[in-house]
Amino acid sequence: MTPRFRFFNRKADISKVESESNDSRSPTNISISNGLSLLHAIEEQNSQQLCSKLSIVRDNALRSLRNVEKLANELDIEKIKIEETRFEPIVENSKRTVVSSLKRECSLDIPQPISYSQAIKFNQRLEALTSRFREVSTSHNRVFNVFIKKYAAKLKDEFETLSSQSKNVTVILNEFDAQQKPFLECTGLLQMLSEENISIAREQQRLQDNRTELRIFENRLKELNVQMANIENSVEYHEYTRANDEIKQVEDKKAESHKELVHLFSPISRALTKYSYGISRESLDRLHVLSNEPWIILSEKEIRPYLDILVDIQRNLSTEKIQLKDTPKVSRHLDSLIKNLPTIRDKYQAIQQRLVSLYQRRNAMFDRRSSELKEEIKRATRNIDEMITDTSLLEGQVKEKLLHIDKLHRESEECLCNIFRKKYTLLV
């Protein structure tokens, strides 16, 4: 029976653990890196013990392989007696195949495992070896049992020895993995705790940077508001405000003039449409203005061409070249429009001149500085809002991560205590 693999199997190790367990009431401060070093040292020790155990298995396996190689060499020179000559080619071919396979497998090196990864490869090599020998014996089973009986039994014993050694390695590795599990889990916890500590330090620094940047934005906003207040309290600003208010009123009058003109031209829209047939391109363009954009007339230097069209439409109505159901009413409206349009245009141009005067009076540089300040205030306010949101989210993340780190901290200390039978306080 394969002996069970055990950790802390030396007396010195046991006494050390027992001594530490007796001192469990006084926690020892330890850094994460030192904790990892302690665990790594034990894992290294256990790996060495594993390799030492497997070294015995390797020696046994090599001994069996030397025996198999010796039997293969003897079989190679053995002259097999075959009563029926017709079987001789088959037997000789099988013998050559068996001898070749055995020698090839025996010639392959089986390195001494000096680490856990090499122990895995060692196990895989033994499994492959026993599998190959099983295939050889199975494929040539009849030749073995009938023609080379005296080698069959010996080879079978060696194959079973190798198979037993392979199974023994599997058992040793399984036990090693099972008993190594708490060390690996504790190492994983400490590594995760270390990574989370690094991560939380970065996030806390980022949070501190956010708060610093937020204070800078807030101070800048205060400065901008003071500058804006100084501007708004100045005589120039009050003058600027009055000019802006008046400009708005005049602009409203200008817009109202547009609407009024559209309303005045609305009753003659059908007459304009009927008049459009058979006129020149130039007249057609002016007619389009009268029908769709009559306010353009108000900015024209000369409105006589438009008045001529309106007069001609009125004449066509009177001569019935243009026929409408409400011709008298449209004709009267045309007459009023022709008389009042010059006056309307003069009033509109007076409004335009007033606007030009107001814009000239207003201080352009002052207007630009005021606008720049307002934009800066808007931008600073937006930055503050964004920074407050980002900082709030980051504070939540930091709080959540701190809770997770606290949990990892407790679990790490607990796992160290379970392994070393001693209370440890992990230093942050």
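The values are calculated or read from the model by the stated rules, or taken from the named source; none is laboratory data. What you are looking at is a predicted structure, and each value in this text was computed from that prediction instead of being measured. With ideal geometry, Cβ positions are generated from the backbone for all residues, glycine too; neighbour counts draw on all protein chains shown.
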Notebook entry, point to check: Can you find even one residue in segment 345-354 that is within 25 Å of the chain's Cα centre (by Cα), β-branched (Val, Ile, Thr) and either modelled with pLDDT of 95 or more or farther than 30 Å from Gly35 by Cβ (or both)?
Noted result: no
Next item on the list: Mind telling me which of the residues Ile200, Ile279, Ile268 ends up being surrounded by 13 or more Cβ atoms within 10 Å (Cβ to Cβ) and not in a helix (DSSP H, G or I)?
Entry: Ile279
Next item on the list: All but one of (1) touching a Leu at 6+ places or on another chain (Cβ under 6 Å); (2) within 21 Å of Asp59 (Cα to Cα) hold for Tyr151, so report the exception by its number.
Entry: (2)
Next item on the list: Among what's in segment 168-208 and is free of Cβ contacts under 8 Å to residues at least 40 places away in the same chain and among the charged types (D, E, K, R), pick the residue that is farthest from Glu43 (Cα to Cα).
Entry: Arg202
Note to self: Among the residues of segment 37-49, are any at pLDDT below 90, charged (D, E, K, R) and either in contact with a helix residue (DSSP H, G or I) (Cβ under 8 Å, 6 or more places away or on another chain) or outside the structural domain of Phe122 (by TED's automatic domain parsing) (or both)?
What the structure shows: yes
Margin query: Regarding segment 144-162, can at least one residue be identified that is modelled with pLDDT under 85, within 52 Å of the chain's Cα centre (by Cα) and crowded, with 18+ Cβ neighbours inside 10 Å?
Written below: no
Next item on the list: Residue by residue through segment 91-127, note down the ones that are closer than 13 Å to Val169 by Cα and either at pLDDT below 80 or part of a helix (DSSP H, G or I) (or both).
Entry: Tyr116, Gln118, Ala119, Ile120, Lys121, Phe122, Asn123, Gln124, Arg125, Leu126, Glu127
Notebook entry, point to check: Before we move on, is Val226 surrounded by fewer than 14 Cβ atoms within 10 Å (Cβ to Cβ) and either of a type in the set (Gly, Ala, Ser) or at pLDDT 85 or above (or both)?
Noted result: yes
Check: So is Lys423 in contact with a Cys (Cβ under 8 Å, 6 or more places away or on another chain) and charged (D, E, K, R) or not?
Finding: yes
Notebook entry, point to check: With Arg242, Arg211 as the choices, which residue is basic (Lys, Arg), in contact (Cβ under 8 Å) with a residue 60 or more places away in the chain and either closer than 27 Å to Lys374 by Cα or surrounded by 15 or more Cβ atoms within 10 Å (Cβ to Cβ) (or both)?
Noted result: Arg211
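For (1) modelled with pLDDT of 90 or more; (2) under 23 Å from Leu358 (Cα atoms); (3) in contact with a helix residue (DSSP H, G or I) (Cβ under 7 Å, 6 or more places away or on another chain), each residue gets a yes or a no:
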| site | (1), (2), (3) |
| --- | --- |
| Ile198 | yes, no, no |
| Glu232 | no, yes, no |
| Glu236 | no, yes, yes |
| Thr241 | no, yes, no |
Note to self: Please determine whether any residue of segment 69-78 is at pLDDT 85 or above, within 60 Å of the chain's Cα centre (by Cα) and either among the hydroxyl-bearing types (Ser, Thr, Tyr) or not in a loop (DSSP other than H, G, I, E, B) (or both).
What the structure shows: yes
Check: With His333, His409 as the choices, which residue is surrounded by 12 or more Cβ atoms within 10 Å (Cβ to Cβ), touching a Pro at 6+ places or on another chain (Cβ under 7 Å) and either outside the structural domain of His258 (by TED's automatic domain parsing) or at pLDDT 85 or above (or both)?
Finding: His333
Item checked: Among the candidates Ser299, Ser291, residue that is without any contact (Cβ under 8 Å) to a residue 60 or more places away in the chain, surrounded by 13 or more Cβ atoms within 10 Å (Cβ to Cβ) and among the polar types (S, T, N, Q) -> Ser291
Check: Looking at Thr212, Thr170, Thr138, Thr187, which one is of a type in the set (Val, Ile, Thr), touching a His at 6+ places or on another chain (Cβ under 8 Å) and part of a helix (DSSP H, G or I)?
Finding: Thr187
